[in-house]
Structures are given as C-alpha cells and as structure tokens.
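To start, the structure itself, in structure tokens.
The values are calculated or read from the model by the stated rules, or taken from the named source; none is laboratory data. Note that the structure is predicted; figures quoted are calculated from it, not measured. When we count neighbours, we look across all protein chains shown, and the Cβ atoms used for this are built from the backbone with ideal geometry, even at glycine.
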Amino acid sequence: MSHAPLDSSHPDYPLVSRLVKAILNHAGGFDKFAVDVPALLRQAFDEVIDAPRTNRFTLIETEKTEKTYVGTKVEILIRNYLGVPKGSVLDMLVDGVEIDIKNTTGRDWMLPKEVVGRPALLVRSSERTALCDVGIVVCRPEYLRLSKNQDGKGQLLAAQHVNIWWILRDHPYPPNFWEVLSVSDRMEIMSARGGTSRIAALFEKVQGRPISRQQVSALAQQHDYMKRIRRNGGARDILAPKGIALLWGQRDKALIEQLGLGPVTADEFISFRPLAADDVTLLRNAGHID
C-alpha cells in the first residue's frame with residue numbers, strides 16, 4: 001500500500017488535503033515524490049553513518065546522538081527538496097501553513113509542544129525492512145499522550161494513527177545492502193583485495209538493487225572510487241566477462257528504464273545479469289557486458 005488518504009468526512013480533511021496537494025505540487029507530482037523522498041531517506045542514513053570516514057556500515061553502529069541527528073538531516077533534506085522556507089516556529093512553511101517534520105526509526109513520534117494543534121509531516125523508516133511511511137496529521141491534543149515534564153512533548157497515540165493521511169505507506173526505500181547480506185557474503189566482499197575487487201564482489205552479490213554512491217565510496221575506501229567502477233581497470237572489467245552489467249542511474253537512465261530495473265536515481269548504481277536474449281544483445285551492444 002503506497003497511498004492512504006483520509007476520508008472526506010474527516011474533520012481534518014480540508015486542511016490536510018490542501019497540504020498534501022501543495023507538497024506534491026512542490027515535488028512535481030506523486031510519482032516523483034514516491035521516488036525522490038525514499039532516496040532522501042537513504043541519503044540521510046548514509047551521511048550520518050558516514051562509512052567512508054568512520055568504517056561503520058549500519059545505523060546500529062552509530063552513537064545515540066548521531067541517531068538523533070538523522071531526524072534533523074531528514075528535515076533539512078525534505079525542506080530543501082520541496083524548495084520551501086522554514087516557518088517562524090515550525091520546520092517548514094507550505095501554502096501559508098507552518099508544518100513540523102518529525103522522523104522516527106522506531107514505532108512512534110515524539111512531538112514538541114509547539115506543534116500541538118498544528119500539522120506535522122511524519123516520516124518513519126526501518127533499516128531492517130527498508131520500508132518507510134510518510135504522512136500528515138493535525139496534532140490535536142486528543143491524539144496525543146502529553147508529557148508532564150517541563151518540555152511538554154507529546155507522543156502520538158497508536159490508536160490515533162487512523163487520523164494520519166498517508167502519502168506513502170509501507171513503501172520501499174533503497175536498502176542498506178549490509179543489512180540484507182549474510183555474514184558469509186559480507187566476509188567475502190570485505191576480504192577481497194583492493195577497492196576495485198570489493199566493488200566487483202558487491203555488485204556480483206547484490207544484483208537488481210540500487211546502491212548509493214556513498215555506499216560504493218565506503219567500500220572502495222578511496223577518494224577516486226568512480227575510477228574503481230569504470231572500464232579500463234575498474235569493476236566493470238571484472239563483471240562484464242561474467243555477463244553482469246553495472247549501470248549508473250545518471251548516465252544509463254534510458255537503459256535502466258528499458259530493462260525495467262528502476263527507479264534508480266542519479267546517485268545510485270545497479271547491477272544486472274540479463275537472461276533474455278534481447279536484454280543480452282542490448283547490453284552487449286552498449287558495451288556493458290562482453
């Protein structure tokens with residue numbers, strides 16, 4: 001399920017439907033939003049994990065303060081993506097209405113007292129399942145379990161999730177491949193000698209899944225990681241004789257769409273071993289396989 005709007009009889013429908021329409025207009029439409037926002041979540045996680053400089057590969061390896069910063073990173077990336085300003089109190093101003101942006105990697109959202117009675121864009125993601133939710137709710141007091149602490153934060157009650165307009169629901173986002181690989185596959189990739197061999201091993205093990213440039217850079221452990229991908233000494237020279245094409249979302253967009261491998265963003269790569277004769281011919285003529 002990717003979209004679950006509120007019923008038109010819901011008291012929050014007039015405001016929330018207007019905000020959803022405005023947000024999707026800023027994004028360039030629902031289809032674009034459904035591709036771009038999940039990719040932003042992958043970017044946020046990868047930048048916080050910062051594998052090239054920290055030699056960490058999963059969110060669980062980060063410090064508690066860094067996990068908290070994921071929410072700030074998501075806020076910044078979404079606001080910049082939509083091209084909207086900050087509000088005077090809340091995180092962004094959309095169609096004249098201030099909206100807070102709240103992210104969680106758990107089950108629930110903690111909401112500051114400033115957002116009580118106001119709308120919030122809720123984002124939830126799981127690195128384990130690589131599924132995300134994005135929705136809008138008006139944070140009415142009756143929807144919240146309000147804290148008695150001085151900070152006055154409230155938790156959106158699980159029973160009140162029915163009041164969320166889900167723009168995306170149980171929607172896939174680009175996975176962290178380290179989360180889905182077996183221990184033996186991880187060891188095989190990491191034991192390969194040199195950045196080029198590690199990248200080739202990765203794309204041989206993980207086919208048909210977009211992998212971000214940040215993750216490729218972490219694996220190469222070299223500044224010139226793009227050189228480790230190209231022909232003339234890169235991973236493509238290892239993969240092509242095995243019949244595996246390594247495609248880049250920026251340069252090979254038309255091929256990716258023709259093969260039905262998308263969506264793959266300009267900051268992602270995907271590997272593919274064709275089986276159909278037409279696909280083999282297509283990739284061979286394009287120089288991606290031998």
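Tabulated data
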| read-out | value |
| --- | --- |
| The range 263-285, subset in contact (Cβ under 8 Å) with a residue 40 or more places away in the chain and either in the same structural domain as L40 (by TED's automatic domain parsing) or part of a loop (DSSP other than H, G, I, E, B) (or both), residue surrounded by the most Cβ atoms within 10 Å (Cβ to Cβ) | V264 |
| Any hit, the range 214-222, residues being without any contact (Cβ under 8 Å) to a residue 24 or more places away in the chain, surrounded by 14 or more Cβ atoms within 10 Å (Cβ to Cβ), over 18 Å from A192 (Cα atoms) and within 24 Å of the chain's Cα centre (by Cα) | no |
| Residue check for S8: among the polar types (S, T, N, Q), out of contact with any Asp or Glu (no Cβ under 7 Å at 6 or more places or on another chain) and in a loop (DSSP other than H, G, I, E, B) | yes |
| Only one of R193, R186, R209 that is under 24 Å from the mean Cα position of the chain (by Cα) and in a loop (DSSP other than H, G, I, E, B) | R209 |
| Extreme residue, nearest to D50 (Cα to Cα), among residues of the range 247-261 that are buried (at least 20 other Cβ atoms within 10 Å of the Cβ) and in contact with a Gly (Cβ under 9 Å, 6 or more places away or on another chain) | G249 |
| Boolean, G154 is farther than 24 Å from G287 by Cβ and in contact with a strand residue (DSSP E or B) (Cβ under 6 Å, 6 or more places away or on another chain) | yes |
| From the options K73, K102, residue that is crowded, with 18+ Cβ neighbours inside 10 Å, closer than 27 Å to Q214 by Cα, in contact with a Phe, Trp or Tyr (Cβ under 6 Å, 6 or more places away or on another chain) and not small (G, A, S) | K102 |
| Hits in the range 156-183 (condition: at pLDDT 85 or above and either over 25 Å from the mean Cα position of the chain (by Cα) or aliphatic (A, V, I, L, M) (or both)) | L156, L157, A158, A159, Q160, V162, I164, I167, L168 |
| Residue that is crowded, with 18+ Cβ neighbours inside 10 Å, hydrophobic (A, V, I, L, M, F, W, C) and touching a residue at least 40 places away in the same chain (Cβ under 8 Å), where the choices are V123, V115 | V123 |
| Pairs with Cβ under 9 Å, 6+ apart, first in the range 35-48 and farther than 12 Å from E75 by Cα and assigned to a helix (DSSP H, G or I), second among the hydrophobic types (A, V, I, L, M, F, W, C) and at pLDDT below 90 | D46/A218 |
| Residue under evaluation S88, criteria (1) in a loop (DSSP other than H, G, I, E, B); (2) under 18 Å from A27 (Cβ atoms), criterion not met | (2) |
| Every residue from the range 223-246 that is of a type in the set (D, E, K, R) and buried (at least 21 other Cβ atoms within 10 Å of the Cβ) | R228, R236 |
| Qualifying residue in the range 193-211 (condition: touching a residue at least 40 places away in the same chain (Cβ under 8 Å) and touching a Pro at 6+ places or on another chain (Cβ under 6 Å)) | yes |
| Unique match (being closer than 30 Å to D237 by Cα and either surrounded by 14 or more Cβ atoms within 10 Å (Cβ to Cβ) or not assigned by TED's automatic domain parsing to the domain that holds A235 (or both)) among G195, G135, G154 | G195 |
| Every residue from the range 160-178 that is touching a Pro at 6+ places or on another chain (Cβ under 9 Å) and either part of a loop (DSSP other than H, G, I, E, B) or on the phi > 0 side of the Ramachandran plot (or both) | Y173, P174, P175 |
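For (1) among the aromatic types (F, W, Y); (2) surrounded by 21 or more Cβ atoms within 10 Å (Cβ to Cβ); (3) at pLDDT 90 or above; (4) not assigned by TED's automatic domain parsing to the domain that holds E98, each residue gets a yes or a no:
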residue: K21; (1), (2), (3), (4): no, no, yes, no
residue: P38; (1), (2), (3), (4): no, yes, yes, no
residue: D50; (1), (2), (3), (4): no, no, no, no
residue: Y69; (1), (2), (3), (4): yes, no, yes, no
residue: G87; (1), (2), (3), (4): no, no, yes, no
